Amino acid sequence: MQYSHSNDPRVEQAIDAALNGISGAIAATPLRSRISAAVLCGGYGRGEGGATPDGRPYNDLDFFIVTGREDDRELADFLRKLSTTWSAKLAIDVDFTVTSPRRLKRNERTLMIQEMLAGHRLIYGDGAVIDRLERRPWNELPLSEGARLLLNRGTGLLLARRQLLAETTDCDFVRRNLHKSALGCGDALLIAAGTYRQTGDRRLQEVEKIGDSSLSAAYRAALNYKYSPEPPHEEDLPAELETAIELWRQTRMRFPANFPVEHSWRNVLLNLRYATRLPQLSPLSGHPRWKLIRRLAELLTAPPHRAEEAAYLELWTRFN
């Protein structure tokens, strides 16, 4: 199985070694009976992971750990230690998302689950829990998934701005979030148009059909960076952040303002519970997550304000 877009043999070997080590650790723990399946997903699961010019993995290594008890603290502690060990060995984040068959089924229509079904590798357990999920056409992705991308990638821009104002700037963090925002803008519009595609290369072709040269250029540069990350010889991160914010703002204005409401009664309860903290209460049937997009737009176009940003980030963390 190929893990990286470039099929760099050094990265392929590193990921193979990590998967063997992680699956071996799971098989050796007494907690293994609590794990139905361990599944590599994300970019490396789809064969689109990044490879640095010197042959190292770059993107996060993402796993679903399927279990009948999502609140299993002993299992969570084991996975936390496993994450720490392999994150240090690979110099990238190794993340384990604990989920249940029921939650996977409930979230079946989301972009995350559909991309997992399109490309993954089972490293431990029984794949039947994955096989029971339904693979759907890309044009059936809910419009709310595009809105989710706008919210999360725009929040990445806010975090990047905060990072630029820190005493010591993590330039890689800023750069990654600028590129992820460009990809998110393009993908959100593709979802809205029903033209989302499985691979980044095919999505780029669809983005170019939109006819926005700024979006196409940013999407192409972001995709190249994702597959083969290499810092440019010269960059002006504050200026590039402002350009990224404007692209996000323009994308938000083009994105449909109204989309079908899901789980309306649950949304009403959430809105009432957080009424004093949300930027708007109406409509009560709308998920608070989508209302945060309006607040995020205000924050991104206003001068930095630590307290207001912290209040927003607390809500975003709750509803993300």
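The values are calculated or read from the model by the stated rules, or taken from the named source; none is laboratory data. A quick note: this is a predicted structure, and the numbers were derived from the prediction, not measured. Every residue, glycine as well, gets a Cβ built from its backbone with ideal geometry; the counts of neighbours run over all protein chains shown.
Working carefully through the options Ala221, Ala166, find the one that is of a type outside the set (Asp, Glu), at pLDDT below 95 and either part of a helix (DSSP H, G or I) or surrounded by fewer than 14 Cβ atoms within 10 Å (Cβ to Cβ) (or both).
Numbers: Ala221 fails: at pLDDT below 95.
Of Ala221, Ala166, the one residue that is of a type outside the set (Asp, Glu), at pLDDT below 95 and either part of a helix (DSSP H, G or I) or surrounded by fewer than 14 Cβ atoms within 10 Å (Cβ to Cβ) (or both) is Ala166.
Give the stretch 254-268 a look and list any residue that's at pLDDT 80 or above and under 23 Å from Leu313 (Cβ atoms), or say none. Full working, then the answer.
Going residue by residue through the stretch 254-268, those that are at pLDDT 80 or above are 254-256.
Of everything in the stretch 254-268, just one residue is at pLDDT 80 or above and under 23 Å from Leu313 (Cβ atoms), namely Phe255.
Filter the stretch 116-125 down to the residues that are of a type outside the set (A, V, I, L, M) and in contact with a Ser or Thr (Cβ under 6 Å, 6 or more places away or on another chain) and list them by number.
Here is the first cut: in the stretch 116-125, the ones of a type outside the set (A, V, I, L, M) are 119-121, 124-125.
Within the stretch 116-125, Tyr124, Gly125 meet the criteria.
Suppose we filter the stretch 272-320 for residues that are surrounded by fewer than 15 Cβ atoms within 10 Å (Cβ to Cβ), among the hydrophobic types (A, V, I, L, M, F, W, C) and within 17 Å of Ala160 (Cβ to Cβ); how many remain?
Number of matching residues: 2.
Only one residue in Arg249, Arg294, Arg266, Arg289 is free of Cβ contacts under 8 Å to residues at least 60 places away in the same chain, in a helix (DSSP H, G or I) and touching a helix residue (DSSP H, G or I) at 6+ places or on another chain (Cβ under 7 Å), so which one is that?
Arg249 is the lone residue from the list that is free of Cβ contacts under 8 Å to residues at least 60 places away in the same chain, in a helix (DSSP H, G or I) and touching a helix residue (DSSP H, G or I) at 6+ places or on another chain (Cβ under 7 Å).
Among (1) assigned to a helix (DSSP H, G or I); (2) closer than 21 Å to Leu159 by Cβ; (3) more than 21 Å from the chain's Cα centre (by Cα); (4) among the acidic types (Asp, Glu), where does Glu235 come up short?
(1)
Do the conditions hold for Arg148, that is, is it at negative phi, modelled with pLDDT under 95 and in contact with a helix residue (DSSP H, G or I) (Cβ under 8 Å, 6 or more places away or on another chain)?
Working: at negative phi: yes; modelled with pLDDT under 95: yes; in contact with a helix residue (DSSP H, G or I) (Cβ under 8 Å, 6 or more places away or on another chain): yes.
Spelling it out, Arg148 is indeed at negative phi, modelled with pLDDT under 95 and in contact with a helix residue (DSSP H, G or I) (Cβ under 8 Å, 6 or more places away or on another chain).
Consider the stretch 184-215. How many of its residues are more than 28 Å from Asp54 (Cβ to Cβ), surrounded by fewer than 17 Cβ atoms within 10 Å (Cβ to Cβ) and in contact with an Asp or Glu (Cβ under 9 Å, 6 or more places away or on another chain)? Don't jump to the end; show me each part of the working.
Within the stretch 184-215, the subset more than 28 Å from Asp54 (Cβ to Cβ) is 185-198, 202, 205-215.
If we keep only those that are surrounded by fewer than 17 Cβ atoms within 10 Å (Cβ to Cβ) too, we end up with 193-194, 197-198, 202, 205, 208-211, 213-214.
Adding the requirement that they be in contact with an Asp or Glu (Cβ under 9 Å, 6 or more places away or on another chain) leaves 193-194, 197-198, 214.
Adding up the residues that qualify gives 5.
Could you list, in sequence order, the residues of the stretch 120-160 that are closer than 29 Å to Gly24 by Cα and touching a Gly at 6+ places or on another chain (Cβ under 8 Å)?
Matches in the stretch 120-160: His120, Arg121.
Does Thr276 qualify as being more than 30 Å from Ala51 (Cβ to Cβ), among the hydroxyl-bearing types (Ser, Thr, Tyr), free of Cβ contacts under 8 Å to residues at least 24 places away in the same chain and in a loop (DSSP other than H, G, I, E, B)? First the steps, then the outcome.
Values: more than 30 Å from Ala51 (Cβ to Cβ): yes; among the hydroxyl-bearing types (Ser, Thr, Tyr): yes; free of Cβ contacts under 8 Å to residues at least 24 places away in the same chain: yes; in a loop (DSSP other than H, G, I, E, B): yes.
Yes.
Taking only the stretch 288-304 into account, find how many residues are at pLDDT 90 or above and aromatic (Phe, Trp, Tyr).
0
When the stretch 28-65 is examined, which residues are found to be of a type in the set (D, E, K, R) and surrounded by 20 or more Cβ atoms within 10 Å (Cβ to Cβ)? I'd like the intermediate steps shown before the answer.
Quick first cut of the stretch 28-65, residues of a type in the set (D, E, K, R) only: 32, 34, 46, 48, 54, 56, 60, 62.
Of everything in the stretch 28-65, those that are of a type in the set (D, E, K, R) and surrounded by 20 or more Cβ atoms within 10 Å (Cβ to Cβ) turn out to be Arg46, Glu48, Asp62.
Tell me which residues, restricted to the stretch 292-308, are over 16 Å from Thr243 (Cα atoms) and touching a Lys or Arg at 6+ places or on another chain (Cβ under 7 Å).
Answer for the stretch 292-308, where residues must be over 16 Å from Thr243 (Cα atoms) and touching a Lys or Arg at 6+ places or on another chain (Cβ under 7 Å): Ile293, Pro304.
Taking Glu108, is it of a type in the set (D, E, K, R), closer than 22 Å to Asn59 by Cβ, in contact (Cβ under 8 Å) with a residue 12 or more places away in the chain and surrounded by fewer than 21 Cβ atoms within 10 Å (Cβ to Cβ)?
On the way: of a type in the set (D, E, K, R): yes; closer than 22 Å to Asn59 by Cβ: no; in contact (Cβ under 8 Å) with a residue 12 or more places away in the chain: yes; surrounded by fewer than 21 Cβ atoms within 10 Å (Cβ to Cβ): yes.
No: the conditions fail for Glu108.
How many residues does the stretch 127-160 contain that are of a type in the set (A, V, I, L, M) and out of contact with any Leu (no Cβ under 9 Å at 6 or more places or on another chain)?
Taking the stretch 127-160 and keeping what is of a type in the set (A, V, I, L, M), we get 128-130, 133, 141, 143, 147, 149-151, 157-160.
After this cut, where a residue has to be out of contact with any Leu (no Cβ under 9 Å at 6 or more places or on another chain) as well, the list is 128, 143, 147.
Total meeting the criteria: 3.
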